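This report concerns only the one structure given below.
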């Protein structure tokens with residue numbers, strides 16, 4: 001004796017097959033995750049999704065402090081998702097002295113969760129201290145003076 005599945009069970013089974021296919025059809029998706037930063041700077045954190053890694057950004061959001069973020073809706077694409085602390089509140093792209101971090105996210109197949117962006121402070125440029133330059137200069141002058149005295153004695 002053959003038993004048939006009840007209509008609600010079959011409908012639920014078909015719905016479970018169709019919904020993922022509709023999600024993959026290319027509609028708007030979301031990118032979510034967390035921004036982390038261990039440093040001394042504070043300020044508004046801008047998180048932006050740049051399609052193909054090029055400006056202008058597709059979508060941006062602001063965070064008051066490091067933590068979870070969601071960018072939605074964004075079209076299916078490959079994104080460079082970047083975060084930076086806007087120290088001067090310019091609202092534009094990051095300056096060279098602002099902490100920042102980026103990661104690539106492939107949202108072609110649908111929404112992406114669990115993205116982690118680690119912001120780091122930029123490496124400081126090497127600038128010699130004025131005192132070090134003065135010490136170096138006086139040392140070289142002393143050597144030149146000593147060499148001049150040695151030449152006169154001969």
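The values are calculated or read from the model by the stated rules, or taken from the named source; none is laboratory data. What you see is a predicted model, and the numbers here were worked out from it, not measured in a lab. Here the Cβ positions follow ideal geometry from the backbone for every residue, glycine too, while neighbour counts run over all protein chains shown.
Just one of the numbered conditions (1) under 18 Å from residue 31 (Cα atoms); (2) in contact (Cβ under 8 Å) with a residue 60 or more places away in the chain is not true of residue 41: (1). Got a sec? Which of 93, 122, 99 is surrounded by 10 or more Cβ atoms within 10 Å (Cβ to Cβ) and within 18 Å of residue 51 (Cβ to Cβ)? So the residue among 93, 122, 99 that is surrounded by 10 or more Cβ atoms within 10 Å (Cβ to Cβ) and within 18 Å of residue 51 (Cβ to Cβ) is 93.
Going by what's in this entry, would residue 83 be described as at pLDDT below 90 and either closer than 20 Å to residue 38 by Cα or buried (at least 16 other Cβ atoms within 10 Å of the Cβ) (or both)? In short, no.
Based on what the data block shows, is residue 91 touching a helix residue (DSSP H, G or I) at 6+ places or on another chain (Cβ under 9 Å), in contact (Cβ under 8 Å) with a residue 12 or more places away in the chain and either closer than 26 Å to residue 126 by Cβ or not in a strand (DSSP E or B) (or both)? Lay out the reasoning, then the answer.
Values: touching a helix residue (DSSP H, G or I) at 6+ places or on another chain (Cβ under 9 Å): no; in contact (Cβ under 8 Å) with a residue 12 or more places away in the chain: yes; either closer than 26 Å to residue 126 by Cβ or not in a strand (DSSP E or B) (or both): yes.
Taking the combined requirement at face value, the residue does not satisfy it.
The requirement of being at pLDDT below 90 and on the phi > 0 side of the Ramachandran plot is fulfilled somewhere in segment 26-36, by at least one residue.
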